[in-house]
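Undergrad: Sharing a structure here in structure tokens format.
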Amino acid sequence: MGELFQEAILVSILAATVRIMTPLLFAAIGELVTQRAGIWNMGVEGTMLMGAFVAYIVVTAADSLVGAVLAALLAGALMGLLVAFMTVTLRVDHFVTGLGLNLLASGLTLFWFRSYIAGRPQPTFDGFENVALPGLSDIPYLGEILFTQRGLTYFAVLAVPLVWYFLYRTKYGLEVRCLGENPKALDVKGVNVAARQYCAVVFGSVMTGLGGGFLMLGFSDRFLAEVTAGRGWLAIVAIIAGNWMPKGVLLAVLVFAFLEALATHVQVIGVAVPHQVFLALPYLASILLMMGFKVRAGQPAALGVPYRRA
Amino acid sequence: MIKVEPRLETNWAWTTGAFTVAVVAGFAVSGLLVATSGADVFKAFSALFQGAFGSFKAITASLVKATPLILTGLATVVAFRAQIWNIGQEGQLYAGAMAAYLGSLILAGLPSVILIGGIVIFGVVGGALLGALAGVLKTRFRVSEIISTVMLNYLVVYLLSYLLAGGPWTEIGETVSYHQSAPVPEAAHLPLLMAGSKLHIGFLFAIVVAVACTILLEKTPLGFEIRALGFNPTALRSRGTDVSRTIVLVMAISGGIAAVAGLSELFGVGHRLRGDYLFGLGYTGIIIGMIGGLRPGGTVLAGLFFGGLESGALYMKILSGVPSALVPAIEGIILLFVLMAGVISRFRLVRVQNNG
């Protein structure tokens, strides 16, 4: 275990933490807005998978990273519209909708993937390069950890204060929070509850789709079935463990990302503990985190309750 | 003027009609999906159904595929009827297979009948414990069962991966290890129901469990509690029922049923503990249970139908080149339409006087 604490390795683990955090953060901070608006979108995993998949298709078929990111955003938006249609318009149970969506995404991506690669070797791609921020990236240690990252990682981190500002310092943000606490009050005021909830769901899903796209383009060179491996669920756990506050969500996401970064490094270094133990850590941590946070003071009162006019 | 209003009671004919429309719409969209992949839609679907139900041999193969799906579907029904969102069928199925495998190691050498009986008990207990764990996490620690069961699924899969790749159950070949266990003893194989087919006694397990679920839900006090828990937990609590106990019990039963699917696949089909052929059976069971209307009878029908499609998928792939992954895609699409139809069937159109 001693090697783990060598300087270079520690820096490498922390830099990997920030990279691994990115897709989780996109999904968690996006879905935070959705949940604050009262919609329990349990389809995060499926939406992320769709984002990752379409990003793979576009980057290998059209060889365009920008196109791949746009495709992931679009896939997220479509999945979000479907969730909103089911939960807001049809008022299907939010949990059931999310489960259905995940299963749908899993089936569709597998089918399209197999059709896409049928009869040829699986195409691969070159993903994002690091963008070193001038000046900042020269700071010892910190430069390598924080300022030599993929471009979208900076954007993901920036999204946290932006979402915080939106939720707590703008009129629309106040209305989003009110949607999750007392939608009737907004309805009485003449605000279109359904339209606002549609927007909140689509925003969250677009961010989640982007997270999926980053997962593909920022880490990997090919798509694999079920490549998201539960990250969508970890994003949901991060929101609950973070008590529905942007800062808390960021912290929870960091914990998951650190554990995953640790696992990948342990495999390379070759510690005498089965590597499955380390791979399982984020999932174990999520259960422990949930056990530790019994108080759900921040949970929006009307979260998951379909709104209908009496 | 025509107005949409909620129905006070569900209308059987209307529900069936909406369901039929949903399935037809699901297949229509699936047909479009096949068309986008450039294959001949008619050829693909006819091969799919022929491979599923086209001959006696195809039908028995379909029954084999349907067995685990019916069981994981029933596991879904028991939990979801209580509005407990157990999506741990996948992990509970793995846990059942692993515990049953452990049983076969401990009980090795016993006569076949006793051995198989012991294996079933080990497996069911394994799955039930994992289910109950999620139940305790929910009642004691307020951990949502959706989250805990998903996370436990991953933990169980990593445990299996460890046991089979370097751990104590790894079969070491001459030069490589195959990520699988050694074969289980012949005495532990589930007996075949029909000579010349692969149909094994696990299918009977599925039918027996389905009947037991119907009796449980409709005729027992626990069944009443399960339905009441889904319908009005507050009333149940004020009636003096220990709701926490009911939740843990339901999770244990659901986990135990999913475990039967795992052990029946291991000792009836695979004969070695390995991850690949167990993968996805739990998640598909959720679809089967929901399409089956969360009723044991409907779940058996849905399981037979989709088990057939899964079995016919290989034939379709050979004949038309369409990937067999079409079947999970069809399942997901039909599920979504069925969910929508469920809502639509709860409403009706009424003519109202226009009061200007």
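Undergrad: State the extension gain, in nm to one decimal, for the chain segment bounded by residue B:106 and residue B:186, taking 0.36 nm per residue of separation less the distance between their alpha-carbons.
TA: In short, 27.3 nm is gained.
Undergrad: Principal axis extents for segment B:18-170, Cα atoms only, whole Å, descending order, please.
TA: Cα extents, longest axis first: 51, 44, 31 Å.
Undergrad: A further question on this structure: Gap in Å between the Cα centre of segment A:244-262 and the Cα centre of segment A:89-112?
TA: Between the Cα centre of segment A:89-112 and that of segment A:244-262, the gap is 26 Å.
Undergrad: Got a sec to turn the phi values of segment B:31-47 into Karplus ³J(HN,Hα) couplings, 6.51 cos²θ - 1.76 cosθ + 1.60 with θ = phi - 60°, whole Hz, x for Gly and Pro?
TA: These are the phi-based 3J(HN,Hα) values: x, 4, 4, 4, 4, 5, 7, x, 8, 7, 4, 4, 4, 5, 5, 5, 5 Hz.
Undergrad: A follow-up question, please. For chain A, give the magnitude of the charge dipole about the Cα centre (Cβ charges: +1 Lys/Arg, -1 Asp/Glu; no others), in debye to the nearest 20.
TA: For this selection, approximately 1280 debye.
Undergrad: Can you tell me how segment A:1-131 classifies by the Cα gyration tensor, rounded, prolate or oblate, using a/c under 1.5 as the rounded cut? The partial results should precede the final answer.
TA: Values: a/c = 2.19, a/b = 1.29, b/c = 1.70.
In terms of gyration-tensor shape, oblate.
Undergrad: Which of rounded, prolate or oblate describes segment B:16-58 when judged by the alpha-carbon gyration tensor and an a/c cut-off of 1.5?
TA: Numbers: a/c = 4.02, a/b = 1.13, b/c = 3.55.
Note, shape of segment B:16-58 comes out oblate.
Undergrad: What per residue convex hull volume, in Å³, comes out for segment B:249-333 when only alpha-carbon positions are used?
TA: Cα convex hull per residue, to the nearest whole number: 108 Å³.
Undergrad: Let me ask something else. Would you kindly derive the ³J(HN,Hα) couplings of segment B:18-29 from the backbone phi angles with the Karplus curve 6.51 cos²θ - 1.76 cosθ + 1.60 (θ = phi - 60°), listing them in order in whole Hz, with x for Gly and Pro?
TA: Result, ordered by residue: 4, 5, 4, 4, 4, 5, 4, 4, x, 5, 4, 5 Hz.
Undergrad: Further question on the same structure: Take the Cβ-Cβ distance between residue B:245 and residue A:138 as r, set R0 to 51 Å, and report the resulting FRET efficiency rounded to the nearest 0.05.
TA: Given R0 = 51 Å and the Cβ-Cβ separation, E is 0.25.
Undergrad: What is the magnitude of the charge dipole of segment B:68-283 about its Cα centre, with +1 placed on the Cβ of each Lys and Arg, -1 on the Cβ of each Asp and Glu, and no other charges, expressed in debye to the nearest 20?
TA: The calculation lands at about 760 debye.
Undergrad: What is the projected area of the convex hull of the Cα atoms of chain A, averaged over all directions, in nm²?
TA: So the Cα hull casts an average projection of 17.4 nm².
Undergrad: Turning to a different aspect of this structure: Under a Cβ-only charge scheme (Lys and Arg +1, Asp and Glu -1), can you give me the dipole magnitude of the protein assembly as shown about the Cα centre, in debye to the nearest 20?
TA: Once rounded to the nearest 20, the dipole reads 2340 debye.
Undergrad: Right, here's the next one. If each Cα of segment A:112-255 is one equal point scatterer, what is log10 of I(q)/I(0) from the Debye formula at q = 0.09, 0.10, 0.12 Å⁻¹?
TA: Log-scaled intensity ratios, in q order: -0.42, -0.51, -0.70.
Undergrad: Now for a separate question. Please turn the phi angles of segment B:264-278 into ³J(HN,Hα) values with the Karplus equation 6.51 cos²θ - 1.76 cosθ + 1.60 (θ = phi - 60°), one per residue in order, whole Hz, x for glycine and proline.
TA: Result, rounded to whole Hz: 6, 5, 5, 8, x, 10, x, 6, 9, 7, 7, x, 5, 7, 8.
Undergrad: Positive end of the charge dipole of segment B:68-283 (Lys, Arg +1 and Asp, Glu -1 on Cβ, about the Cα centre): tell me which of B:224, B:74, B:169 has its Cα farthest that way.
TA: In segment B:68-283, that residue is B:224.
Undergrad: Grab the DSSP H runs of chain A that are 4 residues or longer, score each as -39,500 (n - 2.57), total them, divide by all residues and round the 222 nm result to the nearest 500 deg cm²/dmol.
TA: -23500 deg cm²/dmol
Undergrad: At 1.567 mPa s and 4 °C, plugging the Kirkwood radius over alpha-carbon pairs of segment B:296-349 into Stokes-Einstein gives what diffusion coefficient in µm²/s?
TA: Estimated via Stokes-Einstein, D reaches 102 µm²/s.
Undergrad: Could you pull the Rg and Dmax for segment A:91-132, using just the Cα atoms, both in Å?
TA: 16.7, 47
Undergrad: Still on this structure, I have one more. Go ahead and run the numbers for FRET between residue B:46 and residue A:194, Cβ-Cβ distance against an R0 of 60 Å, rounding to 0.05.
TA: Efficiency for this residue pair is about 0.90.
Undergrad: Between residue B:219 and residue B:16, what is the spin-label point distance in nm, taking each point 7 Å from the Cα along the Cα→C-beta axis?
TA: 2.4 nm
Undergrad: Test of understanding: express the Cα radius of gyration of the protein assembly as shown as a ratio to 2.2 N^0.38 Å, with N the residue count.
TA: 0.97
Undergrad: Still on this structure, I have one more. Just add up the charged neighbours of residue A:242: K/R +1, D/E -1, any other residue whose Cβ is under 14 Å from the Cβ of residue A:242.
TA: That sum, taken over residues with Cβ under 14 Å, equals +2.
Undergrad: Hey, if you put +1 on the Cβ of every Lys and Arg and -1 on every Asp and Glu Cβ in chain B, which of B:185, B:105, B:144 ends up farthest toward the positive end of that dipole?
TA: B:144
Undergrad: Would you pull out the residues with amide H under 5 Å of residue A:90's amide H, same chain only if 5 or more places away, H placed 1.01 Å from N?
TA: Amide H to amide H, under 5 Å and 5 or more residues apart or across chains, residue A:90 pairs with nothing.
Undergrad: Here's another thing I want to ask about it. Zone of residue B:29 (label point 7 Å along Cα→Cβ, backbone N under 19 Å): which residues in segment B:301-328?
TA: Output list for this probe position: B:306, B:325-328.
Undergrad: Relative contact order for segment A:3-73 using alpha-carbon pairs under 8 Å, separation at least 6, rounded to a whole percent?
TA: It rounds to 18 percent for segment A:3-73.
Undergrad: Considering Cα pairs under 8 angstrom that are at least six residues apart, work out the relative contact order of segment B:68-283 and quote it in whole percent.
TA: Once divided by the residue count of segment B:68-283, the mean separation gives 42 percent.
Undergrad: List the residues whose amide H sits under 5 Å from the amide H of residue B:200, counting only those 5 or more places along or on another chain, with H placed 1.01 Å from N in the peptide plane.
TA: Distant-sequence amide H within range of residue B:200: B:193.
Undergrad: Quick one: the Cα spread of segment B:68-283 along its three principal axes, in angstroms, biggest first?
TA: Computed over the Cα atoms, the extents are 63, 37, 27 Å.
Undergrad: Still on this structure, I have one more. Let me see the pair-distance distribution of segment A:71-192: every alpha carbon pair, 5 Å bin width, integer percents in order.
TA: Percent of Cα pairs in each bin: 2, 8, 9, 11, 13, 15, 13, 11, 9, 6, 2, 0.
Undergrad: Taking 22 Å as R0, compute the FRET efficiency from the Cβ-Cβ separation of residue A:284 and residue B:129 and round it to 0.05.
TA: According to the calculation, E is roughly 0.80.
Undergrad: Related question: Can you tally the lysine pairs in the protein assembly as shown where the Cα-Cα distance is under 25 Å and the two residues are eight or more apart, or on different chains?
TA: 15
Since every read-out is calculated from the coordinates, none of them should be taken as a lab result. Treat the numbers as computed from the prediction; the structure is a model and nothing was measured. Neighbour counts run over all protein chains shown; Cβ positions are idealised from the backbone, glycine included.
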